[in-house]
There are 2 protein chains.
Amino acid sequence: MTASPVDLSERFSSFTEHWSPKVVARMNDYEVKVVKAHGEFTWHSHADTDELFLVVAGRLTIRMRDGDVALGPGQLFVVPRGKEHCPVADGEVHAVLIEPTGVVNTGDAGGPLTAGYDDSLA
Amino acid sequence: MTASPVDLSERFSSFTEHWSPKVVARMNDYEVKVVKAHGEFTWHSHADTDELFLVVAGRLTIRMRDGDVALGPGQLFVVPRGKEHCPVADGEVHAVLIEPTGVVNTGDAGGPLTAGYDDSLA
């Protein structure tokens, strides 16, 4: 066996669409996803789970009802379960998400930004 | 409330010891840890969980009985549960670990490299 690492830059260079998280690795019943963000997403929450955001490139603001968190490269934040949030990307942002298997990007909100499950990069 | 991101560079700059993972964030029943590595660790495994390594700086080889994985900055690898591995750092390495709460760094092996629980940077 020759095991291979997941190269984040290589994964980000392999697609262009925004707000469409793609699984790149699995850990127990969690998934590591890469996502490209641009502009404003939608307000939503995930009732059953926290959600980890790690910014790799660009600047992402996570708006919350009681304050915003601004993330640059090498900065991470965990949105607590049930907490309404709205990610806003200043230009294009490359981010890593880590959350349990099966979490849908728009949470309770649904709507046109809801992405299908994509593990083609895993 | 003003929520703050976790700045990985800032966290790495706040300590010097090697092979002593420090919790910087929590997500559900998982922990995000930072660790500085230097030289060879010890062969061990974690019977009950996978373990995610993400290298931020330096070059880390994860030796396994059936092959090695070499990780540079921006590369990640998930060591499967139960799989013997031995991390080896070429010079100093800064890495992020993600694993369930309570995982001990030396797994089944124990010994002098076993680190105490440290969440002083969380």
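Looking only at residues of the range A:68-122 that are closer than 21 Å to B:PHE53 by Cβ and of a type in the set (Gly, Ala, Ser), we find that the one that is modelled with the lowest pLDDT is A:ALA122. Among residues of the range B:93-115 that are over 19 Å from B:LEU60 (Cβ atoms), those with a Cβ under 6 angstrom from a residue that is open to solvent by less than 50 Å² (accessible area, probe 1.4 Å) and in a strand (DSSP E or B), sequence gap 6+ or separate chain, pair up as B:PRO100/B:TYR30; B:THR101/B:GLU31; B:ASP108/B:HIS44.
For A:SER120, the conditions (1) open to solvent by 20 Å² or more (accessible area, probe 1.4 Å); (2) in contact with a strand residue (DSSP E or B) (Cβ under 6 Å, 6 or more places away or on another chain); (3) of a type in the set (S, T, N, Q) are fulfilled apart from (2).
What number of residues in the range B:92-113 are away from chain A (no Cβ under 14 Å) and either in a strand (DSSP E or B) or closer than 18 Å to B:VAL32 by Cα (or both)? Working first, answer last.
Our first condition is that a residue be away from chain A (no Cβ under 14 Å); within the range B:92-113, this holds for B:92, B:104-113.
From the residues that got through so far, the ones that are either in a strand (DSSP E or B) or closer than 18 Å to B:VAL32 by Cα (or both) too are B:92, B:104-107.
Number satisfying all stated conditions: 5.
Going through (1) among the aliphatic types (A, V, I, L, M); (2) touching a helix residue (DSSP H, G or I) at 6+ places or on another chain (Cβ under 7 Å); (3) open to solvent by less than 10 Å² (accessible area, probe 1.4 Å) one by one, B:VAL56 falls short only on (3).
Confirm whether A:ALA89 is more than 8 Å from chain B (Cβ to nearest Cβ), among the small types (Gly, Ala, Ser), assigned to a strand (DSSP E or B) and within 12 Å of the chain's Cα centre (by Cα). Against the criterion (more than 8 Å from chain B (Cβ to nearest Cβ), among the small types (Gly, Ala, Ser), assigned to a strand (DSSP E or B) and within 12 Å of the chain's Cα centre (by Cα)), A:ALA89 qualifies.
So which residues in the range B:13-53 are outside any loop (DSSP other than H, G, I, E, B) and open to solvent by 60 Å² or more (accessible area, probe 1.4 Å)? Give the steps one after another, and end with the answer.
Here is the first cut: in the range B:13-53, the residues outside any loop (DSSP other than H, G, I, E, B) are B:22-27, B:30-40, B:44, B:51-53.
Across the range B:13-53, the qualifying residues are B:ARG26, B:HIS38, B:GLU40.
Could you figure out which of (1) outside any strand (DSSP E or B); (2) touching a residue at least 12 places away in the same chain (Cβ under 8 Å); (3) open to solvent by less than 60 Å² (accessible area, probe 1.4 Å) isn't true of B:PRO73? Going through (1) outside any strand (DSSP E or B); (2) touching a residue at least 12 places away in the same chain (Cβ under 8 Å); (3) open to solvent by less than 60 Å² (accessible area, probe 1.4 Å) one by one, B:PRO73 breaks only (3). Restricting attention to the range A:37-59, the residues being closer than 19 Å to A:GLY110 by Cα and either free of Cβ contacts under 8 Å to residues at least 12 places away in the same chain or more than 10 Å from every other protein chain (Cβ to nearest Cβ) (or both) number 11. Of all residues being under 13 Å from the mean Cα position of the chain (by Cα) and more than 9 Å from chain A (Cβ to nearest Cβ) in the range B:60-78, which is nearest to B:LYS33 (Cα to Cα)? Just the residue, please. Applying the filter and picking the extreme gives B:LEU60.
Of all the residues in the range A:1-12, those that are open to solvent by 20 Å² or more (accessible area, probe 1.4 Å), closer than 28 Å to B:ALA47 by Cα and modelled with pLDDT of 95 or more number 2.
The values are calculated or read from the model by the stated rules, or taken from the named source; none is laboratory data. Keep in mind it's a predicted model, so treat the numbers as computed, not measured. Don't worry about glycine lacking a Cβ; one is built from the backbone with ideal geometry, like all the others, and counts go over all protein chains shown. Surface areas here come from the heavy atoms of the whole protein model, side chains and all, with no ligands, DNA or RNA. Shrake-Rupley method; radii C 1.70, N 1.55, O 1.52, S 1.80 Å.
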